[in-house]
Amino acid sequence: MDQSNLVAIITEQTNRALWEVQNVIDCVPDPLWDKAYCGAPCWQHIYHMLHSLDLWYINPRDRNYQEPDLHRVNLNNLDIPPDITLSREQINAYMMRICNKIRDYLSSLTEEQLLEYPPDCEYCRFTLILAQFRHLHSHMGMLMGFIIGDTGFWPRVLGLEGAFPEGEYDIVTTVENK
């Protein structure tokens, strides 16, 4: 990783975070997909986390932002029970859309732009990115806790130095082997 360029660091850490998000989604066993945690099904916790990443990583005030087709009013609000159920396939497609959008954004971002404010936004780009890392941190911890508590398996993480797995790999380890 090029540590002399902030955008390169952000890109590397974002790619690691996105890989770990997808891995955690993949680790949710089918019986837990609809299980309620604090009144919201597990998939809604995932959707909340992804929706925030989609909206806030680049510019939450973007007048051209388009909600995903699967979105319903308050679907991202964990305090309001959903009136629909999202499938794993829908969540994975949304995750792919977000990954592509963020990677495109980062490929054109410059260091000079990090302290600039996106149109109509009261936060600079660097603040928005760090805020989403904080938000991901909170929700990934909750999701991992749900998985570990209910299955005894620990979703795999990359950390700062771990290689990105290629091909088949174990998505979890047992808590005892952690």
Let me know the charge dipole size of the chain about its Cα centre in debye, to the nearest 20, where only the beta-carbon of Lys, Arg (+1) and Asp, Glu (-1) is charged.
260 debye
Axial C-alpha extent at least 15 Å, average Kyte-Doolittle at least 0.5 - helices from the chain (DSSP):
125-151
Give the residue from 11, 171, 149 lying farthest towards the positive end of the charge dipole for the chain; charges sit on Cβ (+1 for Lys and Arg, -1 for Asp and Glu) and the dipole is referred to the Cα centre.
149
To the nearest 20 debye, region 15-65 has a Cα-centred charge dipole, built from +1 on Lys and Arg Cβ and -1 on Asp and Glu Cβ, of 240 debye
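How large is the helix-only mean residue ellipticity at 222 nm for the chain, computed as the sum of -39500 (n - 2.57) over DSSP H runs with n ≥ 4, divided by its residue count, in deg cm²/dmol to the nearest 500?
-17000 deg cm²/dmol
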Region 6-177 - percent relative contact order, Cα under 8 Å, separation 6 or more:
31 percent
Using only the Cα atoms of the chain, what semi-axes does the equivalent ellipsoid have when each is the square root of 5 times a gyration tensor eigenvalue? Give whole Å, largest first.
27, 22, 13
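Every number in this text was worked out from the coordinates using simple rules, so none of it is lab data. These numbers come from a predicted model, not from an experiment. For neighbour counting, all protein chains shown are included, and Cβ atoms are generated from backbone atoms with ideal geometry for every residue, glycine included.
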